[in-house]
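Every number here is computed from the coordinates shown, using simple stated rules; none is lab data. Remember, predicted model here, so these are calculated numbers, not experimental data. As a convention, Cβ positions derive from the backbone with ideal geometry for all residues, glycine included, and neighbour counts pool all protein chains shown.
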Amino acid sequence: MAAITSDVEVEVRRPRRSVVVGVLLVVWVAAYFVLRGIDTLVLGGQETTPLHRWLTDHRDDVGQGNVFFEAIRIVVDHFVVLLQNVISQPSFDRPVPVIGWLGVVAISAYCAWAFGNWKVAVLTAAGLGFVGLQGLWQESMDTLALTVAAVLLSLLFAIPLGIWAGLSNRAFRVATLVLDLMQTLPTFVYLAPLTLFFAIGPAAATIATLIYAAPPAVRLTAHAIRSVPPESVEAARSLGSTRGQTLLKVLLPMSRSTVVVGINQTIMAALSMVTVAALIDAPGLGQTVLKALQTLDVGVAFNAGLAIVVIAIVLDRVTTAAGDRPWRTASLRRKVLLGAGALAVLVAVWFSRTYVWAAEFPSDANVGSRIAVVATDVTNWVQDVFGGFTYGVRDAVTIGLLNPLEALLTGSPWWLVSAVVVALAAVLGGWRGAVPAAVCLVLLVATGVWQDSMVTLASTLLATVVVVAVGLALGVWSGRNRRVDTWIRPVLDAGQTMPPFVYLVPFLALFGTSRFTAIAAAVVFAVPVTTKIVADGIKAVPVATVEAANSVGSSAWQVISKVQLPVARRAITLAVNQGLIYVLSMVVVGGLVGAGALGYDVAAGFAQSELYGKGLAAGLAIVLLGVMLDRITQAAARRTQNFQNRGDMR
Amino acid sequence: MTAQLEYPDIQDSDALLSVQGLWKVFGPKAQRVPRRPELAALDRTELYAKTGCTAAVRDLSFDVAPGEVFVVMGLSGSGKSTLVRCLTRLIEPTAGGLFFEGEDLRAADEKRLRALRRSKFSMVFQHFGLLPHRKVIDNVSYGLEIRGESKPDRRRRAQEVIDLVGLAGNEHLYPEQLSGGMQQRVGLARALANDPDVLLFDEPFSALDPLIRREMQTEVVRLHREVGKTMVFITHDLSEALKLGDRILLMRDGAAVQLGTGDELVGAPADDYVREFVRDVQRADVLTLRWIARRPRDGEPLDGPELGPDVLVREATRLVLEADRPVKVVSNGTLLGVIGDEEILAVVADN
């Protein structure tokens, strides 16, 4: 009863939010026709602003010669080079790495077996063998070396920080704030500012990666420590444990499996970042994909992309299996087997140092070039047969939706766009949305890449609409149907572990280089996370509530629209938030395959030294867009929740 | 709160554990609540409205004698679990005195407190608080391990208590492989392992099935008889309190409502709250003849059978009903009163 009256009150006080939003949009379109072309802040591809030139001129001031950053760079560089020497690059006056392929495969499979189980050990050996057969052994090992270096360094900071945040409430609050911000930023964004401090190359790539990959480990370690049952901690204290004893003997052992989940996510994030870091000259598979994308060689890009996927799957499965291992200490039989295995590994390493066949991966199989040829053939065939259709879809969406939206955003005066966005933010999220939006918009104008930002925003918004629509449909379906959920979830999980780079390849084949390619890739990239959050939200609706709705004779659609979606609306707002962030990061990467705008500006900044400043400004603009979209949706989510709470209390 | 006045406590010198005016207040600037009488006098809702604080324990005073089973009883939210944690300062009390063997616990520093917890106190928890990554025997020997005893020593001691609580044969299983009742035996063994003077039980059996619960209660009675430890036992279950407790402290909203033996609570409830609380008790099993004896009426025959005042009503029923004249209740040769059929029936038929 109380809830009904409160709804009525809200409606009397002011019109529904959706009406206000509609009116705002109509006013905007009307104003666009009157004001278009005024104050649109156009900036051509090679044009720069004084700010950009100033940044370009001063690029060396921060990093070069600064002892502190130089020291970090040298330490990281040595570490990475050491790992590369061991597994990927010719080293120590030998034409081959310290450990050849046989040794690497043996060690990896052994670790997979010792920490996980024999199934993932077989998978590891098969996966590594496969990338070797693809002719990408050295590139894969470079990628692996960088990933391992970044993960190890990352965990060195992340785990202690996570423990601290797990033990101290204040540290937890600060950490949550910082990590939330860090996770809203696309991979791309970390690269530009870091080149300022650490130049380009493997060291800078590793540092960018370790920063990008740290949040999940910090977050999950803190979460694990916090979710240890308080009674176990109290029991330890009541027996007179010191703080150190409680930490070492109770908290850490009981957090183990959750911390491993965090390490898993850190590894996946690191792999994805290492491939993207090819843009700042990181060696490895990313480099191969990037070069192939730039020359539109879909076959080679596909081959290298496949290798990334295989490595991603292997790393994911092994760490997942490691997390699932039960507490038990090893039985005697297992101990003996582990010892025997260790001996076998030593023998394999010795072989790989002694015989050429075990050191250099045999190149006669050359599966890779065959895969590349097949992929190219398939692409050509698809383009011949479906070209009319796929290109038709592309052109229809581009002309019918993307162009008008882009025209509205880029053609309106900047102050009109800003006013509308701030007003929307205020309606959806109150001052918590409006204030950050206003600040971000002012700073966006200051970066000098306003128009490119609007192009990126247009693609992002369009892709997000599709993502939310698809994600809602799939999420509701799998949230209501257990069987669908068990089928769909592994696919979604797999989708989330792939680096964004890889998504571009098939869409490049289907749609050529265009803005639409990036949008399509972004949709596929962002749908899994959106679907998952929606499905979890729907599943979290109390069974009794749904039963009550069914018992009064609601149809399935009525249950969905009147019960499940409204109850799950906070999850849905969060799904929109995550969808936006994922889309933005993909649209930006899409700059490499013709989406242009901010992503292209950043990439051009790495490639052409005179555009460096502009690239940096574009990187900043991406951050600002990300923060703005995140703040508005977060504020909207919080508001939705507040309404709910108020209804509950009355 | 009047309980302490009506039922004088054991003398201070005899007390093993003494609690004096203990307060625990949660919330902002909690210190001011016990200090300022006008705040201390407020009830729960008023206090929260005015200060944002909640008083979980309010001005409690009691003494626990050596070897006694002292039960603290109350409904959920009455502050009993907070109280038991305050006793070893797992939760820091806000105000009041806390003395163990005459030593001021509130003045003890971290190190001293740890030493006390390692050797003098042990606690058994409602949800067991076991360490899932350790085998039963390693769970039991945890307390010995952290105080630095050698492995053979702690293994031997752990084995002793494992046998004592009836867990023999399960040493090398992990907690998740045991039933709830068995898990709580592990909790009990762990608490006994470091041979404490005081055992604290925080609703140890409320997570168990009724059958297992009864079995475990019997187990505690047996252990108390065998090892003779002082016990402070928290429960919300009146029958458990009556079964185990030498004395019972009934709490409500953090304050003491009544402190006394089981038959005192049932026979002379301090107020309506206690009366309501004990209403469904099988009174015949709790009350002794002392509570129902009346003064002999004029001309009543006084040559009936004699019984002591501490005989339970249930045990006396048959004799009283079969006797053709009132039964005399006699203590040390003095006549306390007589009991006829109607007194007995009033208690027995009440159930």
Problem - ³J(HN,Hα) computed for each position of the range A:257-268 - Karplus, 6.51 cos²θ - 1.76 cosθ + 1.60, integer Hz, glycine/proline x - result: 5, 5, 4, 5, 4, x, 5, 4, 5, 4, 5, 5
Exercise for the section: Determine the calculated [θ] at 222 nm for the protein assembly as shown from helices alone, applying -39500 (n - 2.57) to every DSSP H run no shorter than 4 residues and normalising by the residue count; nearest 500 deg cm²/dmol. Expected result: -21000 deg cm²/dmol
Completion exercise
Relative contact order as a percentage, the range A:289-431, C-alpha pairs under 8 Å and 6+ apart, gives 31 percent
Completion exercise
Under the 7 Å Cα-to-Cβ spin-label approximation, A:Asn403 and B:Asn332 lie apart by a distance in nanometres of 11.1 nm
Handout entry: Reciprocal of mean inverse Cα separation for chain B (Kirkwood radius, Å)
Key = 22.3 Å
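From largest to smallest, what semi-axes in whole angstrom does the range A:170-329 give when each is the square root of 5 times an eigenvalue of its alpha carbon gyration tensor?
On the way: eigenvalues 292, 75, 24 Å².
Rounded to whole Å, the semi-axes are 38, 19, 11.
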Fill in the blank from the handout: From the Cα centre of the range A:369-439 to that of the range B:107-162, the distance in Å is 63 Å
Exercise for the section: At a Cα cut-off below 29 Å, give the lysines reachable from A:Lys291, other chains included and same-chain residues fewer than 8 away excluded. Expected result: A:Lys614
Handout entry: Pair A:Asp395, B:Arg275: separation of 7 Å Cα→Cβ label points (nm)
Key = 9.3 nm
Completion exercise
For B:Arg247, the residues 5 or more places away or on another chain with a placed amide H closer than 5 Å to its own amide H are B:Val69, B:Val71
Handout entry: Förster radius 60 Å - calculated FRET efficiency between B:Gln282 and A:Leu82, Cβ distance, rounded to 0.05
Key = 0.15
Problem - Dimensions (Å) - the range A:168-264, Cα atoms, principal axes, largest first - result: 54, 24, 21
Problem - Cα→Cβ-extended label distance, 7 Å offset, between B:Arg35 and A:Ile74, nm - result: 5.7 nm
Practice task
Pop the C-beta distance of B:His172 and B:Thr218 into the FRET formula with R0 = 25 Å and round what comes out to the nearest 0.05.
Solution key: 0.40
Exercise for the section: Using 0.36 nm per residue of separation minus the Cα-Cα distance, give me the extension gain between A:Trp557 and A:Ser18 in nm, one decimal. Expected result: 191.9 nm
Handout entry: the range B:285-348: translational diffusion in µm²/s, Stokes-Einstein, Kirkwood Rh over Cα pairs, 25 °C, 0.890 mPa s
Key = 216 µm²/s
Fill in the blank from the handout: Quick calc of log₁₀ I(q)/I(0), the range A:474-561, Debye, one scatterer on every Cα, no solvent, q values 0.17, 0.23 1/Å, result -0.77, -1.06
Completion exercise
Per residue convex hull volume, Cα only, the range A:72-201, in Å³ is 162 Å³
Fill in the blank from the handout: So A:Thr320 and A:Arg94, fully extended at 0.36 nm per residue minus their Cα-Cα distance, gain in nm 77.7 nm
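Given R₀ = 41 Å, what would the calculated FRET efficiency be for A:Leu177 paired with B:Ala268, taking r from the Cβ atoms and rounding to 0.05?
Once rounded, the FRET efficiency stands at 0.10.
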Problem - Hz values of 3J(HN,Hα) by residue in the range B:279-290 - Karplus curve (6.51, -1.76, 1.60), Gly and Pro given as x - result: 4, 8, 5, 6, 4, 4, 7, 10, 6, 9, 4, 3
Exercise for the section: Using only alpha carbon pairs under 8 Å that are at least six residues apart, calculate the relative contact order of chain B and give it in whole percent. Expected result: 18 percent
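Using alpha carbons only, what's the Rg to Rh ratio of the protein assembly as shown with Rh from Kirkwood?
Rounded to two decimals, Rg/Rh equals 1.08.
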Fill in the blank from the handout: Here, the range B:134-234 modelled as identical Cα point scatterers in vacuum has Debye log10 I(q)/I(0) at q = 0.21, 0.23 Å⁻¹ of -1.13, -1.32
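Convert 10 °C to kelvin, take the viscosity as 1.306 mPa s, use the Kirkwood radius over C-alpha pairs of the range A:423-468 as Rh, and evaluate the Stokes-Einstein diffusion coefficient in µm²/s, rounded to a whole number.
136 µm²/s
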Fill in the blank from the handout: With bins of 10 Å, the percent of all Cα-Cα pairs of the range B:225-351 per bin from 0 is 12, 38, 29, 17, 4, 0
Handout entry: Cross-link table A:Lys539/A:Lys562; B:Lys80/B:Lys151; B:Lys29/B:Lys229; B:Lys24/B:Lys135, entries beyond 26 Å C-alpha to C-alpha
Key = B:Lys80/B:Lys151; B:Lys29/B:Lys229; B:Lys24/B:Lys135
Fill in the blank from the handout: HN-Hα couplings for the range A:568-573 via Karplus (6.51, -1.76, 1.60; θ = phi - 60°), in whole Hz with x for Gly/Pro, come out as 8, 5, 5, 4, 5, 4
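List the equivalent ellipsoid semi-axes of the range A:360-463 in whole Å, largest first, each obtained as the square root of 5λ for an eigenvalue λ of the Cα gyration tensor.
So the three semi-axes of the range A:360-463 are 44, 21, 12 Å.
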